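A short write-up of the structure that comes next.
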Amino acid sequence: MELVQLDIAAIRQSDSQNNAYVLLLNETNGKRQLPIVIGWCEARSIAISLDGTEPDRPLTHDLLKTLCDSFDITVQKIIIHTLIEGIFHASFHCKHIANGEEVTIDARTSDAIAIAIRYGCPIFTYEDILARAGIIINSAREDEEFSLDGEEDKTMEDDNIT
């Protein structure tokens with residue numbers, strides 16, 4: 001199956017669900033966007049990492065990265081591999097640096113993306129998932145409405161959750 005790389009476009013408060021956020025992932029080489037509903041804690045962790053802010057105490061995703069780094073494990077990529085009944089499933093693709101062993105670990109998509117940001121590794125999905133759940137973004141509105149810096153965005157800072 002063909003993999004499609006995604007980039008984080010924005011995090012917005014959900015209009016339809018209380019205490020939920022929508023993580024918007026743009027196709028790197030295309031005009032489609034994958035919206036994923038995530039919880040408040042995961043949205044906060046992603047926003048903090050994107051901003052480069054260091055909390056007083058490590059968040060769970062920071063702790064996991066520290067643990068992996070301590071044992072020479074790196075996360076090479078994240079793949080959003082399944083969509084079942086509106087729920088996305090993802091996996092970490094890890095490598096033990098010393099012996100080259102590779103392991104794939106199942107994860108919630110929001111957690112996988114929070115870790116991907118910390119490792120600076122790419123995020124992928126399969127073409128069929130993007131074809132089923134993706135939306136086409138209007139390039140005229142893309143900069144205005146889907147950027148992390150846009151005034152139209154309801155970003156994490158607007159909601160005082162950091």
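The values are calculated or read from the model by the stated rules, or taken from the named source; none is laboratory data. All values reported here derive from a predicted model rather than from experimental measurement. Heads up, the Cβs are rebuilt from the backbone with ideal geometry, glycines too, and the neighbour counts pull from every protein chain shown. Heads up: the accessible areas ignore ligands, DNA and RNA and are worked out on the full protein's heavy atoms, side chains in. Shrake-Rupley method; radii C 1.70, N 1.55, O 1.52, S 1.80 Å.
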Practice problem: Using the heavy atoms of the protein chains and a 1.4 angstrom probe, tell me the accessible area per residue for the chain in square angstrom. | Solution: 57
Quiz item: Ranked from highest to lowest mean number of other Cβ atoms within 10 Å per residue, what is the order of the peptides 109-117, 6-14, 82-90, 50-58?
Solution: 109-117, 6-14, 82-90, 50-58
Quiz prompt | Dipole magnitude of the chain, debye to nearest 20 (Cβ charges: Lys/Arg +1, Asp/Glu -1, about Cα centre) | solution = 460
Quiz prompt | Magnitude of the charge dipole, the stretch 1-90, Cβ model with Lys/Arg +1 and Asp/Glu -1, debye to 20 | solution = 200
Quiz prompt | Integer Hz, Karplus 6.51/-1.76/1.60 couplings in order for the stretch 36-52, x for Gly and Pro | solution = 10, 7, 9, x, 4, 4, 5, 4, 4, 5, 5, 4, 4, 5, 5, 6, x
Self-check item: Charge context of Glu2, other residues only, Cβ under 11 angstrom, K/R +1, D/E -1
Solution: -2
Practice problem: Please give the FRET efficiency for Asp69 paired with Trp40, using the beta carbon to beta carbon distance and R0 = 22 Å, rounded to the nearest 0.05. | Solution: 0.25
Quiz prompt | Projected label distance in nm at Lys31 and Ser14, using a 7 Å step from Cα toward the beta-carbon | solution = 2.9
Self-check item: Rounded if a/c under 1.5, otherwise prolate or oblate - the stretch 16-100, Cα gyration tensor axes
Solution: oblate
Quiz item: From the residues Leu6, Ile80, Tyr21, which one has its Cα farthest along the dipole of the chain in the positive direction, the dipole being from +1 and -1 charges on Cβ of Lys/Arg and Asp/Glu about the Cα centre?
Solution: Ile80
Practice problem: Pull up all non-local amide H partners of Gln76: gap of 5 or more, or a different chain, and H-to-H distance under 5 Å with H placed in the peptide plane. | Solution: His93, Cys94, Lys95
Quiz item: Quick one: Karplus J couplings for the stretch 26-33, per residue in order, coefficients 6.51, -1.76, 1.60, θ = phi - 60°, nearest Hz, x for Gly and Pro?
Solution: 8, 4, 4, 10, x, 10, 9, 10
Quiz item: Over the stretch 61-145, one equal point on each Cα, no solvent: what is log10 I(q)/I(0) by the Debye formula at q = 0.27 Å⁻¹?
Solution: -1.28
Quiz item: Taking only C-alpha pairs under 8 Å that are 6+ residues apart, what is the relative contact order of the stretch 1-135 in percent?
Solution: 27
Exercise. Sum -39500 (n - 2.57) across every DSSP H segment of at least 4 residues in the chain, then divide by the residue count to get the 222 nm mean residue ellipticity, nearest 500.
Key: -8500 deg cm²/dmol
Quiz item: What is the chain by shape, rounded, prolate or oblate, if you read a ≥ b ≥ c off the alpha carbon gyration tensor as root eigenvalues and call it rounded for a/c under 1.5, prolate for a/b larger than b/c, and oblate otherwise?
Solution: oblate
